[in-house]
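Report on the following structure.
Here, each number is a calculation from the coordinates, and none is a lab measurement. Only a predicted model underlies this, so the values are computations on that prediction, with no experimental measurement involved. FYI the Cβ positions are ideal-geometry reconstructions off the backbone, even for glycines, and counts take in every protein chain you see.
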Amino acid sequence: MTTSTRAATAPAVLVLEDGRIFRGRAYGAVGETFGEAVFSTGMTGYQETLTDPSYHRQVVVMTAPHVGNTGVNDEDPESRRIWVAGYVVRDPARVPSNWRSRRSLDDELSAQGVVGISGIDTRALTRHLRERGAMRVGIFSGPALQTGPADDPALVDRVRQAPQMTGADLSAEVATAESYVVPAIGTKRFTVAALDLGIKGMTPHRLAERGVEVHVLPATATVEEVYATNPDGVFLSNGPGDPATADLTVIKAVLERGTPLFGICFGNQLLGRALGFGTYKLKYGHRGINQPVQDRATGKVEVTAHNHGFAVDAPLDQVSDTPYGRAEVSHVCLNDNVVEGLRLLDKPAFSVQYHPEAAAGPHDAAYLFDRFTALMSTVSMEGQRA
């Protein structure tokens, strides 16, 4: 990605790998960028979306037409920087209005070198992606856009040369390089080793609220490094890329030892692969904070926050035999029957495909953190009795 000083009046063009082109104005930094075009259906929470490491190398199209109303504050980022490769909005706010706002979204994108485009028909673009599927995309503005339509074929060729998301190993690019500790809030009850595959800041905070001391470890942490924390449980975070590229050594070791395990999003996919299930790329994925999921054990329907382009290929209506005992699908998406959760019946391990930390998003799934602490408590009591 190349960028230069922001110029809101500069023309910009969005080019899809299938040749579809949208013309608008520069938003954020001026220059060029490439990534996978995906759309998010969230009407709020754009700051959390932008700073979610799971969006690394993706160009996010906002389906909500008006973006930037509340500006940017210093409290809501979910990581140390903006991770999206590019940003697409229809009608950016001219003036932010919120008591916590410190600067405009346009200025923040520019300061962090994020190339975007505004003033295009995002509804038409979203419908195109729903019909054709997520695909590679480029955004060009300023000096990167030297000519008019005559240059379009060359831009399409450049987009087609960009790397695809399938086969991309990205977790180590977004994870922490050094381990750190998030202390328990109040009385410490448990210690959890959390593998940072692209973790959001609110996730260890949700555990800390429940008396958990969280040791956040790099994505490349070894089995020995995980167990050096003397964990009562192990957490697998969200993250970007293709789960088929990930090393499953640590997860298999945790399952073999019977340490309580909880995974979300990318972590759900890795647990699925460790159990012997496959993963596959969804046509256009699930992204936003309004996705309906059913907990199959209770029948309860939760409105949940999603950000995933891959899913686990596991049978919905049968218990499966795995190397670690029996497993079943615990949650399912009511829009398309995609697997949204897994549960082992003979080991203390479970996962969900969505984001229970609610940053941004509804709080319907907060009970999953309680379920994890209850699981650690049960295993601890059984160990004491043994």
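Semi-axes, largest first, in whole Å: what does sqrt of 5 times each Cα gyration tensor eigenvalue give for region 171-385?
On the way: eigenvalues 112, 71, 65 Å².
Equivalent ellipsoid semi-axes, largest first: 24, 19, 18 Å.
As a test, work out the antiparallel percent of DSSP beta bridges whose residues both lie in the chain, rounded to the nearest 5.
Bridges in the chain are about 65 percent antiparallel.
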Mean separation of Cα pairs under 8 Å and 6+ residues apart, divided by the residue count of the chain: what relative contact order is that in percent?
-> 14
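What FRET efficiency would be calculated for the residue pair Trp99, Leu334, taking the C-beta separation as r and a Förster radius of 41 Å, to the nearest 0.05? Show your work: numbers first, answer last.
Numbers: r = 37 Å, r/R0 = 0.89.
Calculated value: 0.65.
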Can you list the aspartates and glutamates whose alpha carbon is less than 19 Å from that of Lys188, not counting same-chain residues fewer than 8 positions off?
-> Glu209, Glu213, Asp232, Asp370
Which of the aspartates and glutamates could a cross-linker span from Lys300 if the Cα-Cα distance has to be under 16 Å and same-chain partners fewer than 8 positions apart are dropped?
-> Glu340, Asp364
Sum -39500 (n - 2.57) across every DSSP H segment of at least 4 residues in the chain, then divide by the residue count to get the 222 nm mean residue ellipticity, nearest 500.
-> -6000 deg cm²/dmol
Please give the FRET efficiency for Asp313 paired with Glu256, using the beta carbon to beta carbon distance and R0 = 22 Å, rounded to the nearest 0.05.
-> 0.40
Take peptides 255-264, 108-117, 72-81 and line them up by average Cβ neighbours within 10 Å, highest first, as a rough protection proxy.
-> 108-117, 255-264, 72-81
Percentage of interatomic Cα-Cα distances in the chain larger than 32 Å = 33
Report the chymotrypsin sites (Phe, Trp or Tyr not before Pro) located in region 1-105 that are in a DSSP loop and have at most 13 other Cβ atoms inside 10 Å of their Cβ, or state none.
-> Trp99
Could you calculate the contour length gain from Glu225 to Glu173, that is, 0.36 nm times the residue separation minus the distance between their Cα atoms, to one decimal place in nm?
-> 16.8 nm
So, for the Cα atoms of region 2-160, Rg and Dmax in Å stand at 14.5, 46
Of 177-183, 61-67, ordering from highest average Cβ density within 10 Å down gives 61-67, 177-183
Highest mean packing first, using Cβ neighbours within 10 angstrom, the peptides 319-328, 367-376 sort as 367-376, 319-328
Inverse mean reciprocal Cα-Cα distance (Kirkwood Rh) of region 260-336, Å = 13.3
Using only Cα atoms, find the angle between the long axis of helix 122-132 and the longest principal axis of the chain, and express it within 0 to 90 degrees, rounded to the nearest 10.
-> 60
